[in-house]
Amino acid sequence: MGRERRGGSTPGSSVESPPDEALPEGEADAPEASSDLRLRVPAGVAVTLDNVHVSADAPAVLTAESATGPIVSVPTAGAALASAVAVDEHGQVVDAMTSAAGCPVPPAGEGRVLVVPDAYASIQEAIDDAVYGDTVRVEPGTYQEHLRLRSGVKLVGAGATRTILDGQGLGENLIDYTGAQNAVVQGFTLGNVGQTDVCPDKVLGCSGNHYAAAVYADGHYGDNFEECARPSLLLSHNVIQGNDVGVMLYFHALAMIRNNIFVGNTHAFVANHLNDHSVVAYNVFYANDAHAVIADAATLDVLNNVIVGSGVALEQEHVQRGRVRCNVLFANTATGNVIVPGEDGNIVADPLLLDPDALDFHVESGSPALTAGCWGEDGAEPVAAGAHGGPLGIW
């Protein structure tokens, strides 16, 4: 798992510049902010553009198309939440953006790559020095930091089995993207976050800020609750392991949770009083003690996941919206109060995982998960479910 991408470097420096590319006329001159998602792709390189488009009154639509650089623009009109990821022929993520649709996206800067620990003693130091469009790349190793993300900054590890953020059993958030829009976290193991002393027995019993998680955001945004100040994140290609809470989205914290492995957590994914949109798609949830997915007051699309050997597969409380479809369930203690096996493409079947003990969650030939997922405008086209399904599935 986890291929790293290296751009061209400046001699004698560990702050790397992006690959050489010719920008369109006018793009090099400080372009104005736009609500379109704009991805940078090396000139002449063909990519697969993975799109997720969430409308206010309709379920998420997952599509993919071919595109070429150097700038790929993705309109967001009519969406409540949108995400675009450019993937090269080897399955490597070239660029990615996630944003509350209709909100202006600042133009990216130089797109520097800031390397830890070569150029920065800590990950947080590199994040603090980064500007919109920069990437903080973390080399292999185990790091014991609790991080606060910034808008438009990509945090990229050397691969989930090689770059580890260790929460040391403390009841503190490991990665907090509160206040950050269009952040990316990719290529880490995020683990060992402990329990807080407040509301230890019920993960929806208190407001989200009373818990600690491997990935967390509080969406009480701005002094006047400005729509475009809502935090937003793409979380992909990570192993979230051994936490009391894996991901906690609280009150208008937006996220695309794509192609991750959640294993051995108490509560893997929690949407606490979310009151907004998020997408949980193409993940594996394995052996999570209490819940794989639990949410209240959320517009949550749960699509194309493999949920195995966990407590409750999916539990929702209070008013819910969003689509739950094309998930593969097996050997969970309870299905929960939302998923109806046999409806909306949700099935109960052994996905034939290759070697979960070694964190290999590919599936064997003949696995029902290989065709259990669905995508496209009408969701009718089959695709592989789980962490290695879809356009972002090669890792």
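Among residues of the stretch 120-150 being surrounded by fewer than 18 Cβ atoms within 10 Å (Cβ to Cβ) and small (G, A, S), the one that is farthest from the chain's Cα centre (by Cα) is A121.
Just one of (1) modelled with pLDDT of 95 or more; (2) in contact with a Ser or Thr (Cβ under 6 Å, 6 or more places away or on another chain); (3) of a type outside the set (G, A, S) fails for R321. It is (1). In a residue-by-residue description of the stretch 268-282, the property of being surrounded by fewer than 24 Cβ atoms within 10 Å (Cβ to Cβ) and at pLDDT 95 or above applies to no position. Here G366, G393 are screened, and the one residue that is under 19 Å from L62 (Cβ atoms) and either part of a loop (DSSP other than H, G, I, E, B) or hydroxyl-bearing (S, T, Y) (or both) is G393.
Just to check your reading of the model, which residue among A64, A60 is among the small types (G, A, S), surrounded by 21 or more Cβ atoms within 10 Å (Cβ to Cβ), out of contact with any helix residue (DSSP H, G or I) (no Cβ under 9 Å at 6 or more places or on another chain) and closer than 27 Å to C326 by Cα?
Numbers: A64 fails: surrounded by 21 or more Cβ atoms within 10 Å (Cβ to Cβ).
Testing whether each residue is among the small types (G, A, S), surrounded by 21 or more Cβ atoms within 10 Å (Cβ to Cβ), out of contact with any helix residue (DSSP H, G or I) (no Cβ under 9 Å at 6 or more places or on another chain) and closer than 27 Å to C326 by Cα leaves just A60.
Within the stretch 10-31, is even one residue at pLDDT below 70 and not in a loop (DSSP other than H, G, I, E, B)? Within the stretch 10-31, one or more residues are at pLDDT below 70 and not in a loop (DSSP other than H, G, I, E, B). Output the number of residues of the stretch 230-243 satisfying the condition of being assigned to a loop (DSSP other than H, G, I, E, B) and closer than 22 Å to E315 by Cα. Here the count works out to 2. Candidates I294, I339, I307: the one that is free of Cβ contacts under 8 Å to residues at least 40 places away in the same chain and touching a Phe, Trp or Tyr at 6+ places or on another chain (Cβ under 9 Å) is I307.
The values are calculated or read from the model by the stated rules, or taken from the named source; none is laboratory data. Keep in mind that this is a model prediction, so the values were computed, not measured. Glycine gets a Cβ as well: all are built from the backbone with ideal geometry, and neighbour counts include every protein chain shown.
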